[in-house]
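Every number here is computed from the coordinates shown, using simple stated rules; none is lab data. All values derive from a computational prediction rather than experimental measurement. All Cβ positions, glycine included, derive from the backbone under ideal geometry; neighbour counts span all protein chains shown.
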Amino acid sequence: MNNNNRIGVDNDDSETVISNGEQRKSLFQYLKTKKVMWIIFIFIVAVLIITIPIVLNKRKMIDSTDIPTTTETMQTTRKESTTTSTKKSTTTSTSTTSSTSSTTTSILSSNVCVDTTEIIFNNHQFIYSPTSQVYAAGMLNNQFGVYIAHGYGNVTSTKIWLAGHQDSFPTYLVMQPDRNLVVLKSDTGQVLWASHTHNNGSGKPFCLEMQDSGNLIWIDNTSSIIWETETVQYE
């Protein structure tokens, strides 16, 4: 009886010992796991401590490099802006010079006068005889001549006089301040015809006049004829 009871007690003790051993083992594993976690945490913190200053320094270097580039870009932009403004000023100046050096006539009258600025007749621009506009002088199909007309803007191809040039390419007539009438080729400025009245006559202005008689005359300030087409159709 006593032996059996003792055996029972020993069994309980052994179970207690095993249970305590398992608890120690679990505690050891827990501590081991916790230690590993701490090591990982410390490693991550160390990496961050080392990495953050490097990243910040690198960023500062990039920022310091970008500042001159931005400054250079601003300077380049200013230079381009200045160049553009200069070009615009030059263009404006050229345009102004061009507009003061020549004038294209669109006056529907019997005469046009030139003083110090040349006057240009482009294709299909005319002056008309004053009374009934039956004659027109100007450029028709790139030919300077005197034509039959039926009122303003209605010039026929019937000609009573043509300048000594027959051209299909663009041309224009110029009334020059030096008292010469010239027909020029549009693309090259080549002289195709001239009245050869350079410095003839006296005073200013000089006028090109389409008369009711059908005669086209180029007169000086005293109304003296320095050139004419000699195309009087009636007296």
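Computed values, structure above
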{"quantity": "Per-q log10 I(q)/I(0), region 111-228, q = 0.17, 0.21 Å⁻¹ (Debye; single scatterer per alpha-carbon; no solvent)", "calculated": "-0.79, -1.18"}
{"quantity": "At 1.306 mPa s and 10 °C, Stokes D of region 165-235 from Kirkwood alpha-carbon radius, µm² per second", "calculated": "121"}
{"quantity": "Length added when fully stretched, Asn154-Thr117, from 0.36 nm per residue minus Cα-Cα", "calculated": "10.5 nm"}
{"quantity": "Segment Ser224-Val191, length gained on full extension (0.36 nm per residue, minus Cα span)", "calculated": "9.3 nm"}
{"quantity": "Net charge contributed by nearby residues that have their C-beta within less than 12 Å of Ala137 (K/R +1, D/E -1)", "calculated": "-1"}
